[in-house]
1. What residues qualify as long-range amide H neighbours of Ile93, i.e. H under 5 Å apart, gap of 5 or more or another chain, H built at 1.01 Å from N?
2. So what does the Cα-only Debye profile of the chain read at q = 0.17, 0.18 Å⁻¹, as log10 I(q)/I(0), no solvent term?
3. Please give the Cα centre distance for the stretch 62-80 versus the stretch 135-158, rounded to the nearest Å.
4. Please enumerate, by chain and number, the lysines with C-alpha under 23 Å from the C-alpha of Lys42, excluding those fewer than 8 residues away in the same chain.
5. Antiparallel as a % of all DSSP beta bridges within the chain, to the nearest 5?
6. In the stretch 93-219, with Lys and Arg counted as +1 and Asp and Glu as -1 at Cβ, which of these residues, Thr191, Phe104, Met207, has the Cα nearest the positive end of the dipole, that is, farthest along it?
7. Please compute the per residue accessible area over the stretch 1-112 with all protein chains in place, 1.4 Å probe, rounded to a whole number of Å².
8. Under 5 Å between amide H atoms, partner at least 5 residues away or on a different chain: which partners does Cys168 have, H built in plane at 1.01 Å?
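The values are calculated or read from the model by the stated rules, or taken from the named source; none is laboratory data. Everything numeric in this text was worked out from a predicted model, so none of it was measured. Heads up, the Cβs are rebuilt from the backbone with ideal geometry, glycines too, and the neighbour counts pull from every protein chain shown. Just the protein is used for accessible areas: all its heavy atoms, side chains included, with ligands, DNA and RNA removed. Shrake-Rupley method; radii C 1.70, N 1.55, O 1.52, S 1.80 Å.
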Amino acid sequence: KQFSATTFFLSETPGTAPTCLVFRGTDGSLAGWKEDFNLCFKSVIPSQRAAAAYVSGVASAVEGSLILSGHSKGGNLAEFAALVSDETLYQRIQGVYNHDGPSFLGDPSPRMGERGFGAVLHKTVPESSAFGMILERRPDYRVVRSTKLSVFQHEPFSWIVEGCDFVCQDELNPSAQFFDDALDTWLRGKTPEERERFIDTIYELFMSTEASTWADFQAKLVANTRQ
């Protein structure tokens with residue numbers, strides 16, 4: 001499990017502006033990335049449970065409307081917490097912002113297909129998105145232009161802004177569409193057990209190097225790759 005969240009009060013007067021709950025994406029730890037990959041075969045991961053509990057706790061302590069937001073895995077956590085919240089809490093959620101975070105194997109709740117949730121959810125992905133398109137089945141996301149290439153577009157500070165909004169385009173780049181279709185076909189063509197075995201095997205290979213972070217692994221890239 002890897003989890004972090006921060007609550008921002010947008011006004012000094014309680015209840016006069018939405019309270020913004022922001023979930024952090026994955027850190028540099030291999031354990032954090034392993035939890036991400038577990039989304040490919042688990043319906044719920046520990047950080048999702050933590051996110052739901054965090055939103056419930058903050059909501060009980062503050063008044064007024066709420067905004068849930070996050071980047072990468074944080075976007076997935078924001079969306080999950082909104083989907084599984086009780087009805088009273090859900091009615092207070094003004095917006096959910098998932099910035100290039102993956103979707104879900106199945107629907108966490110019936111709200112997933114409701115028009116009302118579609119109006120609350122705002123999903124943005126860069127033009128060559130890979131991570132944010134994992135398991136995504138809905139077409140109602142915005143494609144943001146980026147100053148970087150390929151997977152490096154996952155870095156949100158590369159997203160182009162004009163005025164108070166992102167600069168968008170109509171659809172993903174062709175290479176991203178191809179990757180998304182291929183990955184989705186592979187994921188849905190394998191059983192959960194096969195996906196779990198594949199992911200666990202890759203993770204065990206990384207852990208055999210005794211590196212605990214991606215930085216550790218890259219620092220001795222040649223030696224670790226040989227091992």
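1. Close amide H contacts, sequence-distant or interchain: Leu66.
2. Result of the Debye calculation: -1.33, -1.44.
3. So the separation of the two Cα centres works out to 18 Å.
4. Lys1, Lys34, Lys73, Lys123, Lys190
5. Close to 35 percent.
6. Phe104
7. Roughly 40 Å² per residue, with all protein chains present.
8. Arg145
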